[in-house]
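Right, one structure below, let's go through it.
The values are calculated or read from the model by the stated rules, or taken from the named source; none is laboratory data. The structure presented is a predicted model; accordingly, all values stated were derived computationally and were not measured. Cβ placement follows ideal geometry from the backbone for every residue including glycine, while neighbour counts extend to all protein chains displayed. Only protein heavy atoms, including side chains, enter the accessible area calculation; ligands, DNA and RNA are left aside. Shrake-Rupley method; radii C 1.70, N 1.55, O 1.52, S 1.80 Å.
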Amino acid sequence: MRSYHLAAFILFLAAAWPAYAADLGKESFVDSGGVKLHYVTAGGGPLLVMLHGFPDYWYTWREQMPALGKHFQVVALDLRGYNKSDQPRGVENYKMEKLVADVAAVLKHFKRKKAVLVGHDWGGAIAWSFAMSHPGQVDRLVVLNLPHPNGLLRELANNPEQHKNSAYARDFQKADAAKKLRPEALASWVKEPEARKRYLEALGRSSLEGMLNYYRANYPREPYKTDAKLPPVKCPVLLIHGLEDRFLLPGALNDTWKWLEKDLTLITVPGAGHFVHRDRPEFVTRKMLGWLTER
């Protein structure tokens with residue numbers, strides 16, 4: 001009887017313990033112009049690349065990877081500067097063209113001509129940029145809580161609330177910003193205690209300067225312009241946006257269709273914030289999988 005209770009307790013712990021790399025896929029690295037990028041991959045089929053944001057790492061996709069891996073080869077990347085990926089010094093090493101080249105390196109590494117891109121926050125910005133600069137290499141685009149760059153620029157220029165709520169980004173652009181950040185504060189958004197421990201480890205391995213260089217190299221600076229005259233996105237797009245996002249207000253979603261050549265599916269999620277895929281993981285996974293597998 002005692003052994004039965006022990007076995008049941010072990011099964012309970014296994015179910016309660018958040019899945020990690022060994023459970024979710026296989027770890028490896030890809031070379032991008034001499035920068036080594038860590039990833040976890042699972043599943044088989046068409047390539048699907050997942051790009052996290054700030055302050056995050058590949059593990060943010062833990063709820064989505066098992067379901068998506070039944071239909072795609074999922075590759076969840078650690079962006080440069082984060083966790084086990086290389087952390088090159090200098091703002092110039094975090095310019096958007098370098099970040100876009102990292103995605104191209106993933107496609108080359110897996111010998112694929114096209115991929116589905118899924119991005120959140122800065123990962124969403126990279127996904128938008130890759131889709132615009134490499135239109136023939138993107139099958140479908142899924143972006144979570146990162147409006148099209150033209151929408152964000154318009155709101156920064158014309159919406160006082162968005163301007164105010166982007167003060168954090170202007171602070172991150174300052175030379176001494178890293179001195180004011182600690183992994184404990186950056187991981188405070190993570191709700192699950194065990195997951196937060198893993199985030200503290202990952203963010204402790206990460207480069208604070210590298211993470212902030214995304215803002216220094218790419219976030220719009222004042223005076224804000226209203227239109228960057230970017231090339232159109234030529235693939236179908238799914239936008240999922242948590243409406244309680246305090247950093248990226250939903251007004252920036254308006255007119256997104258003007259900058260696309262194919263269909264747009266927009267899903268707004270009341271009660272969810274900036275990390276919509278963590279606030280409503282089952283809902284987001286279901287919507288993402290349904291959209292990606294419909295033909």
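Would a scan of the range 204-220 turn up a residue that is without any contact (Cβ under 8 Å) to a residue 12 or more places away in the chain and of a type outside the set (Val, Ile, Thr)? Break it down stepwise before answering.
Taking the range 204-220 as the starting set, the residues that turn out to be without any contact (Cβ under 8 Å) to a residue 12 or more places away in the chain are none.
Checked the range 204-220: no residue is without any contact (Cβ under 8 Å) to a residue 12 or more places away in the chain and of a type outside the set (Val, Ile, Thr).
For the range 264-285, enumerate the residues that are polar (S, T, N, Q), closer than 16 Å to Leu249 by Cβ and in contact (Cβ under 8 Å) with a residue 40 or more places away in the chain. Hits for the range 264-285: nothing passes. Residues in the range 113-160 that are open to solvent by 30 Å² or more (accessible area, probe 1.4 Å) and among the small types (Gly, Ala, Ser): 3 in all.
Kindly evaluate Val233 against the criterion of being farther than 27 Å from Arg80 by Cα and in contact with a strand residue (DSSP E or B) (Cβ under 7 Å, 6 or more places away or on another chain). Don't jump to the end; show me each part of the working.
On the way: farther than 27 Å from Arg80 by Cα: no; in contact with a strand residue (DSSP E or B) (Cβ under 7 Å, 6 or more places away or on another chain): yes.
When the stated conditions are applied, Val233 does not pass them.
Kindly evaluate Phe172 against the criterion of being in contact with a Leu (Cβ under 9 Å, 6 or more places away or on another chain) and closer than 30 Å to Trp257 by Cα. Answer is no for this residue.
Yes or no, residue by residue, for (1) at negative phi; (2) modelled with pLDDT under 95; (3) touching a helix residue (DSSP H, G or I) at 6+ places or on another chain (Cβ under 8 Å):
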position: Arg205; (1), (2), (3): yes, no, no
position: Ala228; (1), (2), (3): yes, yes, yes
position: Ile240; (1), (2), (3): yes, no, yes
position: Leu264; (1), (2), (3): yes, no, yes
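Conditions (1) in a loop (DSSP other than H, G, I, E, B); (2) open to solvent by 30 Å² or more (accessible area, probe 1.4 Å), marked per residue:
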| residue | (1), (2) |
| --- | --- |
| Arg196 | no, yes |
| Leu200 | no, yes |
| Tyr215 | no, no |
| Tyr224 | yes, yes |
| Leu239 | no, no |
| Ala272 | yes, no |
| Met288 | no, no |
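Would you check which residues across the range 70-83 are crowded, with 19+ Cβ neighbours inside 10 Å and under 18 Å from Ala42 (Cβ atoms) and list them? So that I can check it myself, show each step before the final result.
As a first pass, look at the range 70-83 and keep what is crowded, with 19+ Cβ neighbours inside 10 Å: 72-83.
Within the range 70-83, Phe72, Gln73, Val74, Val75, Ala76, Leu77, Asp78, Asn83 meet the criteria.
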